[in-house]
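Each remark here refers to the structure printed beneath this line.
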Amino acid sequence: MTTTHVAPEEVMAWVDGELAESEARTVEAHVEECAECAGVAAGFRRMSEDLAEWMVPEIPARVEAAVMKAAAGAKEHAHGRFRRTWGTRRRWIVGLAGAMALVLALVAIPFPAHKSRGMYMVAPMQRQPSMAPLDQRSPASGVAGLMDRQIAPSATVERKRSDSAAMVASLVAPSPAIGAASAVAAPMIARTVSLAVRVKEVGAARTTLEAMLARHHGYTAQMTASAAEGAPHELQASLRIPAGDLEAALKDLRTLGRVENETQSGEEVTQQHQDLAARLKNSRETEARMQAILEQRTGRLSDVLEVEQEIARVRGEIESMEAEQAGLEHRVDFATVDVSVMEEAKFDGVADSAAARMRDGLVTGFTNARETVVGMVVFGEEYGPAILVWAVVLGLPGIWLWRRYRRGLRAG
Amino acid sequence: MADDGRDGDERAADGRGDEELMLAFCRGSQQAFAELFKRYRQPLFGFFRRRLADAARAEELTQDTFVAVLRGAARWEPTALFRTYLYAIGLKILNAERRKAAFRATFLGPSEREPAARSSLDAEVVMRDAVGRLEPMDREVLLLREFEQLSYAEIAELLRLPVNTVRSRLFRARTALHAVLTAPAPKTTAAGMTESEGRV
């Protein structure tokens, strides 16, 4: 007689009492008839009996005492639950805070470099706007005066920020024409600020702007106001503000309305200024020498005319350079502030339709998505290789430790 | 040695089910908790003792589990059996202990294992060794079934596995354990248990 055996796993489930009633009856009937399956069932039962021999000692009484004490304590603490919940969550909160601090620290690390550069840009040597023009009759003293003015503040700067002074020293290589006096000079920085402000009323903003200019001794270099019908009113102005007053003026400007955009930049013109001064000095010396030749020596008329022509040429150069120098100094003394004041858009009952707004939203959404993707790709390109290097540097020991840890866990 | 199965006499003495006792404890009855502790102190100690080589740690973790029950009492809802709830806490605490031990072993080097097994009885040494060779999840299913006497459904709930997986893992664990216990005999299959008179 051929018997279809019940699967051993099925027999095991039957022995464990885990089969549904109908299945259990079928298996039971089969096991009663089939010696082989009965043997399997007996094997499982014996295994359970063997395992049952693995006894553990009585639990020590001290555990009961400790638990009962805890039970009594738990009842007494009316606010226990809150404290316990806080206790269990505290670790998570502390961990999360730590992780956030780490992320912040990582994000902030690149900033000090930018910051110091920013300080360098934002707080340049504040030249006095009342700087006197160079004495044209005594060029040497003029140049020396210029040098004095450059060196005097540099001493303070050097004391305050030796790193900055060192940087300046490296930037401003001493020119043989100027000599040792200019070995170290404070940077001359022409600052430019661009500010876009959204205001409620352009007219009022203009009045405030003019009052602010008067207060800070600045002036308007150029101004355009537009008040086209149906379009929001606008005011574009290019202001010149004494470098020393710039920060205060900017603070005032920001109060005009909602600042939508602000950019600040600074152009280092120290080298340019010093080159100009050196060239100016040389030209003046040339002029002085030729004047001396003209006064002391006599010669043919054509020679005299030639020298005079030469003097006129050099004079022209000197004047042009002086103008350039004055312009440069003016750019340093007076920061340029380009202000764009726009009135908030008014919807005179002609609000966009819902469809138009949704379409605009969709366009903005797609633009944002594209920008996000581009940003991610750029990030990947910029930092991907470095991340890869770090992944290798940290990953390999990490994998090793992780495997070790998993092995420990498996070993239980 | 103690019988770590649930004590029928003690249960009869109170007459109430575990869940009723837990509800009574939630309402403030210390006596109900004392009764629950009496019922489960030994099974829970056995649960830890069989899974850890360190007897002192097993004691501490038993205590920790009951303390966790005490602390969680306010949040307890009778949606599951009390014993499933208790062993779920026990398993969490056990896993945390294992993680800590693995972490210590990874970063601080392996700790000295106490020679408790050697001084224990032969059956314990043999069983601990044999069970220790099983795959961790199979081992857990087997222990929960054989010693904690949990049903397949309860084990499935505790280990977050499908019931059928519990059944197949249990079968695999028992087959493997049989093979280990009958070693150095040739590899034995479940069907082979009949041939070898099913001696495990």
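Structure summary
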quantity	calculated
Selection count, segment A:17-47, where residues are within 11 Å of another protein chain (Cβ to nearest Cβ), surrounded by 16 or more Cβ atoms within 10 Å (Cβ to Cβ) and under 25 Å from residue B:141 (Cα atoms)	12
Enumeration of residues in segment B:158-169 that are more than 14 Å from the chain's Cα centre (by Cα) and on the phi < 0 side of the Ramachandran plot	B:161, B:162, B:163, B:164, B:165, B:166, B:167, B:168, B:169
Checklist (1) closer than 27 Å to residue A:51 by Cα; (2) at the interface with chain A (Cβ under 10 Å from one of its Cβ atoms); (3) assigned to a helix (DSSP H, G or I) applied to residue B:53, failing item	(3)
Test: residue B:92 is out of contact with any Leu (no Cβ under 8 Å at 6 or more places or on another chain), over 29 Å from residue B:136 (Cβ atoms), at pLDDT 90 or above and more than 8 Å from every other protein chain (Cβ to nearest Cβ)	no
Scope segment B:25-69; condition within 20 Å of the chain's Cα centre (by Cα) and of a type in the set (A, V, I, L, M); matching residues	B:36, B:44, B:52, B:53, B:55, B:56, B:58, B:61, B:67, B:68, B:69
Every residue from segment A:241-267 that is surrounded by fewer than 18 Cβ atoms within 10 Å (Cβ to Cβ) and not in a helix (DSSP H, G or I)	A:255, A:258, A:259, A:260, A:261, A:262, A:263, A:264, A:265, A:267
Meets criteria (within 14 Å of chain A (Cβ to nearest Cβ), at pLDDT below 90, surrounded by 18 or more Cβ atoms within 10 Å (Cβ to Cβ) and in a helix (DSSP H, G or I)) for residue B:37	no
Residue in segment A:1-16 that is farthest from the other protein chains (Cβ to nearest Cβ), counting only those that are surrounded by 13 or more Cβ atoms within 10 Å (Cβ to Cβ) and at pLDDT below 90	A:6
Output for segment B:98-141, where each listed residue is buried (at least 16 other Cβ atoms within 10 Å of the Cβ), modelled with pLDDT under 85 and not in a helix (DSSP H, G or I)	B:120
So residue A:74, is it at pLDDT below 85, within 14 Å of chain B (Cβ to nearest Cβ) and in contact with a Gly (Cβ under 7 Å, 6 or more places away or on another chain)	yes
Conditions (1) modelled with pLDDT of 80 or more; (2) more than 8 Å from chain A (Cβ to nearest Cβ); (3) assigned to a helix (DSSP H, G or I): number failed by residue B:148	(3)
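The values are calculated or read from the model by the stated rules, or taken from the named source; none is laboratory data. The structure presented is a predicted model; accordingly, all values stated were derived computationally and were not measured. For neighbour counting, all protein chains shown are included, and Cβ atoms are generated from backbone atoms with ideal geometry for every residue, glycine included.
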